[in-house]
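Every number in this text was worked out from the coordinates using simple rules, so none of it is lab data. What you see is a predicted model; the values in this text were computed from it and never measured. Note that we place each Cβ from the backbone using ideal geometry, even for glycine, and neighbour counts take in every protein chain shown.
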Amino acid sequence: MKKTILILIPIVLLTVFIIRMATARSEQSVAGAIVEAYPAAVVAQVYEITSIISLPIERQQTLAQYFHEQDKKANLAKEKGAEPAIIAQFYTLKLENLQKILAPLEYSDYLLSMGQKGTTIKVPVAMKLRTAVRFRKELDLDTSQVNKLLLAGSELEKEAKNEIFNRDSAESSLLKRYLSETQYRNYFVYASVAEAEKSTLDNLEFLRLSDLWDGGDSAALYHQLYTYESERSGGLAFFSAEHDHEGYDRFKSECDYKRPEILIRLDAYRNTYPWSWLLNVMYNGAELKLSQQQKQDIIAAYQVVKKKEHEDKYQKKQKGDEKFDRWQAEKDHLRELLTEKQFNTYLAIRNRDKAKDRALKDWKELIEHQLVKAEDSSKVIDQLADYQLRLAVCNEWLGMEKSKKNEFAKRDVLDNKPELLKKLDEKEKVERESKVVRF
């Protein structure tokens, strides 16, 4: 049974605030009453907990009292001449003691945050189950679901020492058991908020550095990019967890053609993979002197081509339907959107490095046949490169359209081949004939 596309949570921007609220928790300070009533060492220990999760004043008070009692025991042990290692044990937080102080949900959030941040206390954490619990309100979990997830998480963490035990797979199975289909799919959106936010902030920085964004209307742009990244990250995580490789590839392909226009512009600016004629033209836009309208039209054409490529690969086709040729489609669009001069300029840009390499190869052969002098290298190589470039552009045109016009254009270039290359051809012809064995 094929999986449907991820059901997205309405108003995705809310997840941004959820992440920031989680961040704010880690920055909260200890209640003033605790600071005033207890020694600095106790306040510091309470802060170690409240810097990870948010706790009400009554829980902070219980923690402070616990740490204060431990501090007393440590000082008493010191007075009795205990070794430093014994004294230090009173300041080592044991999870079983913390679990008795915190409420079940608080303890779960503490373990989850500790697993995400990496602290000095190393414990196995049922990340998926406890993440679902953390987002219980957003996922609309009832009390029974929360309790089952908490219990399952604790049981899995006890079994984590078994190397054969696959906790990740077990967690996925338990999530599917205790969550509805919609809750299960939406879980991956919330579980991916940190990744989505990081990708969004990275893209904003890339856009700023590339002068594609001047910093204006940042809230609207953040919303647009975050929504896209949230859908993408959550969807890919869902299909990955389901081990649905076909669904994963299909969803990834769909996300590719649905990318916001500004991200496509960023890909063009950075000239990143996957390679595209349309994006490469954008990359060379300054040299081609593209107008703003041309840039918009090229981006729109790229989106059309990517969508058709996606549909050709993943939608059912009638028998006999031709396979979509992305490269031909991109070239067809460019021929409509660029002037003939711009298109020829772009073909020259595409081929000038190869033309220069071929010219250098020709130069070496001319030197070997003593047809040129070393001091003439710069002038001769430029002439050879110009010829090789004109020939390469003609071949590009013929590859796109085998017309009489293009054939005549190539014949004209060949007829005006540099004299040095003609002499080289004659030399090589004589050499070949001299090697022929005659009977």
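General observations
- Legend: distances between Cα atoms for LYS72/LYS100; LYS252/LYS313; LYS258/LYS331; LYS356/LYS404; LYS148/LYS176; pairs beyond 23 Å are LYS356/LYS404.
- The stretch 127-201 and the stretch 47-87: distance between their alpha carbon centers, rounded to Å: 32 Å
- Inter-part distance where the stretch 272-344 and the stretch 234-264 are each reduced to a Cα centre, Å: 21 Å
- Of the DSSP H helices in the chain, those whose Cα atoms cover at least 18 Å axially and whose Kyte score averages 0.0 or more: 377-400
- Top of SER192, SER51, SER113 by mean-square fluctuation, Gaussian network on the chain, Cα under 10 Å: SER51
- In summary, the stretch 271-381 shows an alpha-carbon radius of gyration equal to 1.52 times the 2.2 N^0.38 Å reference for compact globular proteins.
- The label-point distance for SER240 and LYS427, in a model that sets each label 7 Å from Cα toward Cβ, rounds to 5.9 nm.
- When the Gaussian network model of the chain links Cα atoms closer than 10 Å, the mean-square fluctuations of VAL413, VAL125, VAL193 top out at VAL413.
- Exposed GluC sites (Glu not before Pro) absent: longest stretch of the chain, with sites in DSSP loops and at most 15 other Cβ within 10 Å deemed exposed: 164-321
- Fraction of alpha-carbon pairs over 18 Å apart in the stretch 341-434 - percent: 51 percent
- Computed [θ] at 222 nm, helices only, for the chain once each DSSP H run of length n ≥ 4 contributes -39500 (n - 2.57): -23500 deg cm²/dmol
- Calculated FRET value between GLN65 and ASN147, using beta carbons and R₀ = 22 Å, to 0.05: 0.20
- (1) -0.72, -0.81, -0.99; (2) -0.49, -0.63, -0.94; (3) -0.79, -0.89, -1.06, with the label sought being that of the calculated log10 I(q)/I(0) by the Debye sum over Cα atoms at q = 0.08, 0.09, 0.11 Å⁻¹: (1)
- Stretched out straight at 0.36 nm per residue, the stretch from LYS289 to GLU401 would grow longer than its current Cα-Cα span by 37.8 nm.
- Relative contact order of the chain, defined on C-alpha pairs under 8 angstrom at six or more residues apart (%): 10 percent
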